[in-house]
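Throughout, read-outs are computed from the coordinates displayed, never taken from laboratory work. Source: prediction; values computed, not measured. Cβ atoms come from the backbone with ideal geometry, glycine included; neighbour counts cover every protein chain shown.
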Amino acid sequence: MPSTARSFKFSTVGGPDVLTWGEEALAAPAEGQVQIAQEAIGVNYIDIYHRAGTYPLPLPSGVGVEGAGTITAIGANVGGFKVGDRVVYAGGPPGAYATARNVPAARVLKLPDDISSLDAASLIFKGLTVEYLIRRCFKVSAGDTVLFHAAAGGIGLIACQWLKALGATVIGTMSSDEKAALARANGCDHTIIYSRENFVERVKEITGGAGVPVVYDSVGATTFAGSLDCLRPRGMLVSFGTASGPTPPLDLGALGAKGSLFVTRASIAHYTAKREELEAGGAAVFEMIRKGALKAVGLKTYALAEAVQAHRDLEGRTSTGSLVLLP
């Protein structure tokens, strides 16, 4: 059991440079916790929201919500795990950007032997996000046509793969021809370059004017109004991020005028809060990985000490797919 760990923390919100790298004592796991020697750490856009203060945290704070490794110690009143177990986790208190850490056992899943730590850390948070979005927030069925913004991003590419496996037709937006090609290679049927095309007009064209039953929008300010205009009557807009800035105020009357629309602001925290939901979601993700239906795309690895650069790349939208830190 390590007595110290190297990790990133931040004491003030801001750009990537507020992250500071240092070493500190690592306490024994408290009641309900397990200690994990980490082997791979996923980088997600929620990490940027935390660091920038979009989703405020008590400061100082660690950063990162996803990792995989091996249990080295177990706190009191923890059942179902033993030292030496390979595990993966998503959610819980931020602090994944560390060589070792203590994690609430309630957020930890045993990692099947046939799935590597690298695959797990690159896919579990994004996979759990896609699982709740397309299976529980709005249940997509074979034959449905959906609009997924940022379809060439880390979550978007996983969503394209999973939606295609379900038999859905995927319309995706992205910023460049290169990203469009990547999205098409991962199951996106129709690509829209939002920098030069009006995505509302294109969605109407693709659907013969009918619109789509659901729009998944993690972009926020620049897409929100248009997303509503892409929906068919009684369709649902699922907002799950604000990469371009906060969404504008919503006039509920407009939802009625546009066709009795539904809008939800969804969070993975609420869809995996119950242990049974987390385990069921994890099992679904593992099965999709095992079947080859979900694969980490454009996987880029960084040394853990290079986390600041990973944030610059992700926030600057110079990367596609999955970013993973290696301790």
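Can you give me the Rg/Rh ratio for region 84-206, using Cα atoms for both radii and the Kirkwood formula for Rh? Provide the component values of the computation, followed by the final result.
Values: Rg = 17.0 Å, Rh = 16.1 Å.
Value, to two decimals: 1.06.
Within the chain, which is the longest segment that contains none of the trypsin sites (Lys or Arg not before Pro) sitting in a DSSP loop with at most 16 other Cβ atoms within 10 Å? Walk me through the intermediate numbers first.
Details: sites that count: K82, K139, R196, K258, K274, K291, R317.
Between exposed loop sites, the widest span is 1-81.
Which lysines, on any chain, are close to K291 with Cα under 22 Å apart, when same-chain ones fewer than 8 places away are left out?
K110, K126, K139, K164
Would you pull out the residues with amide H under 5 Å of A96's amide H, same chain only if 5 or more places away, H placed 1.01 Å from N?
So A96 has HN proximity to V63, G64, V65, E66.
With N set to the residue count of region 198-320, report its C-alpha Rg divided by 2.2 N^0.38 Å to two decimal places.
Working: Rg = 18.0 Å, N = 123, 2.2 N^0.38 = 13.7 Å.
Compared with the compact-globule rule of thumb, region 198-320 sits at 1.32.
For region 5-111, what is the convex hull (Cα atoms) projected area averaged across all directions, in square nanometres? Let's see the in-between values first.
Working: hull surface 24.7 nm².
Mean projected area for region 5-111: 6.2 nm², to one decimal.
Can you give the log10 of the normalised intensity I(q)/I(0) at q = 0.24 Å⁻¹, computed with Debye over equal Cα scatterers of region 169-229?
-1.11
Tell me, Kirkwood radius of the chain from alpha-carbon pair distances, in Å? Present the calculation step by step, with values, prior to reporting the outcome.
Values: mean 1/r = 0.0495 Å⁻¹.
After inverting the pairwise mean of 1/r, the radius is 20.2 Å.
Using the Cα atoms of region 142-265, I'd like the radius of gyration and the largest Cα-Cα distance, Dmax, both in angstrom.
Rg and Dmax of region 142-265, Cα atoms, are 13.4, 40 Å.
If one computes P(r) from the Cα atoms of region 265-327, what percent of pairs lie at distances over 16 Å? Display every interim value, and only then the final one.
Numbers: 1231 of 1953 pairs.
In whole percent, the long-distance tail amounts to 63.
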